[in-house]
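So the structure is just underneath, and the comments pick up after that.
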Amino acid sequence: MDELLAQWLADPIAIRILAAIIGLIIIGLISRAIRTAITRYINVADTRYRLRKLSSLAGYIIVILMLIFIFGDRIGNLEVTMGVAGAGIAFALQEVIASFAGWFAITFAGFYKPGDRVQLGGITGMSFISAFSGPR
(Lines give C-alpha, C1' and ligand atoms only; values in the text may rest on other atoms or scores of the structure.)
Protein backbone atom coordinates (compact mmCIF):
# COMPACT_ATOMS: atom_id res chain seq x y z
CA MET A 1 0.00 0.00 0.00
CA ASP A 2 2.82 2.40 0.88
CA GLU A 3 4.54 1.55 -2.37
CA LEU A 4 1.40 2.32 -4.37
CA LEU A 5 0.97 5.65 -2.56
CA ALA A 6 4.64 6.53 -3.13
CA GLN A 7 4.32 5.64 -6.82
CA TRP A 8 1.13 7.70 -7.12
CA LEU A 9 2.71 10.74 -5.44
CA ALA A 10 5.78 10.46 -7.70
CA ASP A 11 3.57 11.12 -10.73
CA PRO A 12 3.59 14.88 -11.55
CA ILE A 13 0.01 14.82 -12.89
CA ALA A 14 -1.26 13.28 -9.65
CA ILE A 15 0.49 15.99 -7.64
CA ARG A 16 -1.09 18.67 -9.84
CA ILE A 17 -4.54 17.13 -9.43
CA LEU A 18 -4.03 16.92 -5.67
CA ALA A 19 -2.90 20.57 -5.55
CA ALA A 20 -5.94 21.59 -7.61
CA ILE A 21 -8.32 19.73 -5.29
CA ILE A 22 -6.73 21.23 -2.17
CA GLY A 23 -6.81 24.70 -3.77
CA LEU A 24 -10.48 24.30 -4.71
CA ILE A 25 -11.37 23.28 -1.17
CA ILE A 26 -9.45 26.20 0.37
CA ILE A 27 -10.88 28.77 -2.05
CA GLY A 28 -14.39 27.35 -1.54
CA LEU A 29 -14.09 27.60 2.25
CA ILE A 30 -12.74 31.15 2.11
CA SER A 31 -15.46 32.21 -0.33
CA ARG A 32 -18.17 30.68 1.86
CA ALA A 33 -16.76 32.40 4.96
CA ILE A 34 -16.76 35.76 3.16
CA ARG A 35 -20.35 35.29 1.99
CA THR A 36 -21.42 34.33 5.52
CA ALA A 37 -19.69 37.40 6.97
CA ILE A 38 -21.36 39.62 4.38
CA THR A 39 -24.75 38.18 5.25
CA ARG A 40 -24.14 38.66 8.96
CA TYR A 41 -22.66 42.17 8.97
CA ILE A 42 -24.30 43.98 6.02
CA ASN A 43 -27.88 45.04 6.74
CA VAL A 44 -28.81 46.73 3.44
CA ALA A 45 -30.33 44.05 1.19
CA ASP A 46 -29.17 45.53 -2.13
CA THR A 47 -25.59 46.00 -0.93
CA ARG A 48 -25.56 42.54 0.63
CA TYR A 49 -26.76 40.95 -2.62
CA ARG A 50 -24.17 42.77 -4.72
CA LEU A 51 -21.30 41.98 -2.36
CA ARG A 52 -22.26 38.30 -2.23
CA LYS A 53 -22.35 38.15 -6.04
CA LEU A 54 -19.02 39.98 -6.24
CA SER A 55 -17.41 37.59 -3.77
CA SER A 56 -18.73 34.59 -5.73
CA LEU A 57 -17.41 36.03 -8.99
CA ALA A 58 -14.03 36.73 -7.39
CA GLY A 59 -13.91 33.13 -6.14
CA TYR A 60 -14.61 31.76 -9.63
CA ILE A 61 -11.94 33.99 -11.17
CA ILE A 62 -9.39 32.91 -8.55
CA VAL A 63 -10.23 29.23 -9.20
CA ILE A 64 -9.79 29.68 -12.95
CA LEU A 65 -6.47 31.48 -12.46
CA MET A 66 -5.28 28.79 -10.06
CA LEU A 67 -6.16 26.02 -12.51
CA ILE A 68 -4.42 27.86 -15.35
CA PHE A 69 -1.36 28.27 -13.14
CA ILE A 70 -1.32 24.59 -12.13
CA PHE A 71 -2.08 23.11 -15.55
CA GLY A 72 -0.58 25.93 -17.66
CA ASP A 73 1.80 23.82 -19.71
CA ARG A 74 -1.00 21.42 -20.68
CA ILE A 75 -3.40 24.09 -21.97
CA GLY A 76 -1.85 24.46 -25.45
CA ASN A 77 -4.15 21.92 -27.09
CA LEU A 78 -7.17 23.40 -25.32
CA GLU A 79 -6.33 26.85 -26.72
CA VAL A 80 -6.26 25.50 -30.27
CA THR A 81 -9.54 23.65 -29.73
CA MET A 82 -11.24 26.73 -28.29
CA GLY A 83 -9.94 28.86 -31.18
CA VAL A 84 -11.30 26.48 -33.80
CA ALA A 85 -14.63 26.18 -31.97
CA GLY A 86 -14.86 29.97 -31.67
CA ALA A 87 -14.20 30.40 -35.38
CA GLY A 88 -16.87 27.81 -36.21
CA ILE A 89 -19.42 29.47 -33.94
CA ALA A 90 -18.63 32.91 -35.39
CA PHE A 91 -19.06 31.56 -38.92
CA ALA A 92 -22.33 29.83 -38.06
CA LEU A 93 -23.74 32.88 -36.28
CA GLN A 94 -22.41 35.58 -38.61
CA GLU A 95 -25.90 36.84 -39.53
CA VAL A 96 -26.94 37.01 -35.88
CA ILE A 97 -23.72 38.82 -34.97
CA ALA A 98 -24.17 41.29 -37.86
CA SER A 99 -27.80 41.91 -36.86
CA PHE A 100 -26.81 42.56 -33.27
CA ALA A 101 -24.04 44.93 -34.37
CA GLY A 102 -26.52 46.80 -36.60
CA TRP A 103 -29.05 47.08 -33.78
CA PHE A 104 -26.34 48.35 -31.45
CA ALA A 105 -25.16 50.93 -33.99
CA ILE A 106 -28.67 52.18 -34.77
CA THR A 107 -29.68 52.33 -31.13
CA PHE A 108 -26.62 54.00 -29.64
CA ALA A 109 -24.86 55.86 -32.47
CA GLY A 110 -27.67 58.33 -33.13
CA PHE A 111 -27.95 57.70 -36.89
CA TYR A 112 -31.70 58.26 -36.72
CA LYS A 113 -33.75 60.68 -34.64
CA PRO A 114 -37.39 60.24 -33.64
CA GLY A 115 -39.62 61.18 -36.58
CA ASP A 116 -37.11 60.33 -39.32
CA ARG A 117 -38.54 58.51 -42.30
CA VAL A 118 -36.56 55.47 -43.38
CA GLN A 119 -36.72 53.18 -46.40
CA LEU A 120 -35.98 49.50 -46.00
CA GLY A 121 -36.51 47.04 -48.83
CA GLY A 122 -38.63 49.48 -50.82
CA ILE A 123 -40.96 50.21 -47.89
CA THR A 124 -40.91 53.76 -46.54
CA GLY A 125 -42.09 54.58 -43.04
CA MET A 126 -41.22 56.09 -39.73
CA SER A 127 -38.14 54.86 -37.94
CA PHE A 128 -38.47 52.22 -35.24
CA ILE A 129 -37.10 54.65 -32.71
CA SER A 130 -39.93 57.10 -33.36
CA ALA A 131 -42.54 54.42 -32.68
CA PHE A 132 -41.46 54.30 -29.04
CA SER A 133 -40.68 57.96 -28.46
CA GLY A 134 -44.24 58.87 -27.54
CA PRO A 135 -46.53 61.51 -28.96
CA ARG A 136 -45.02 64.42 -30.88
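What does the charge dipole of the chain about its Cα centre add up to, to the nearest 20 debye, if the Cβ of each Lys and Arg holds +1 and the Cβ of each Asp and Glu holds -1?
Taking the Cα centre of the chain as origin, the dipole is about 980 debye.
Rounded to the nearest 10 square angstrom, ARG52 shows an accessible area of 90 square angstrom against a 1.4 Å probe.
May I ask you to give the percent of accessible area on the chain that is carbon plus sulfur, with a probe radius of 1.4 Å? Mind dumping the intermediate values first?
Numbers: 7860 of 11260 Å².
So the carbon and sulfur contribution to the accessible surface is 70 percent.
The candidate values are (i) 9, 18, 16, 21, 19, 10, 4, 2, 0; (ii) 10, 20, 24, 29, 15, 2; (iii) 11, 40, 34, 14, 1; the one derived from this structure for P(r) over Cα pairs in 10 Å bins from 0, in percent carries the label (i).
Couplings 3J(HN,Hα) of the stretch 33-38, computed from phi: 5, 5, 5, 5, 5, 4 Hz, in residue order, whole Hz [Karplus 6.51 cos²θ - 1.76 cosθ + 1.60, θ = phi - 60°; x for Gly and Pro].
A dipole drawn for the stretch 1-74 from +1 and -1 charges on Cβ atoms has a positive end, and of THR47, THR36, ALA10 the residue lying farthest that way is THR47.
Taking all protein chains as shown and a probe of 1.4 angstrom, TYR112 keeps an accessible surface of around 90 Å². Taking 0.36 nm per residue of sequence separation and removing the Cα-Cα distance, the PHE108/ILE89 pair yields an extension gain of 4.2 nm.
Using a probe of 1.4 Å, the accessible surface attributed to PHE100 totals some 130 Å² when neighbouring protein chains are kept in position. Each residue, ILE97 and ARG32, gets one label point 7 Å from its Cα in the Cβ direction; the gap between the two is 4.1 nm. For the stretch 85-126, the solvent-accessible area with a 1.4 angstrom probe is 84 square angstrom per residue. In the stretch 7-60, the convex hull through the Cα atoms has an average projected area of 3.9 nm², a quarter of its surface area.
In percent, how large is the relative contact order of the chain, given Cα pairs closer than 8 Å and 6 or more residues apart? It would help to have the intermediate numbers written out before the result.
Numbers: 59 pairs, mean separation 19.6, N = 136.
Normalised by residue count, the contact order of the chain is 14 percent.
The values are calculated or read from the model by the stated rules, or taken from the named source; none is laboratory data. Quick caveat, the model's predicted, so the values are computed rather than measured. Neighbour counts run over all protein chains shown; Cβ positions are idealised from the backbone, glycine included. Accessible surface is based on the protein model in full, side chains and every heavy atom, while ligands, DNA and RNA are left aside. Shrake-Rupley method; radii C 1.70, N 1.55, O 1.52, S 1.80 Å.
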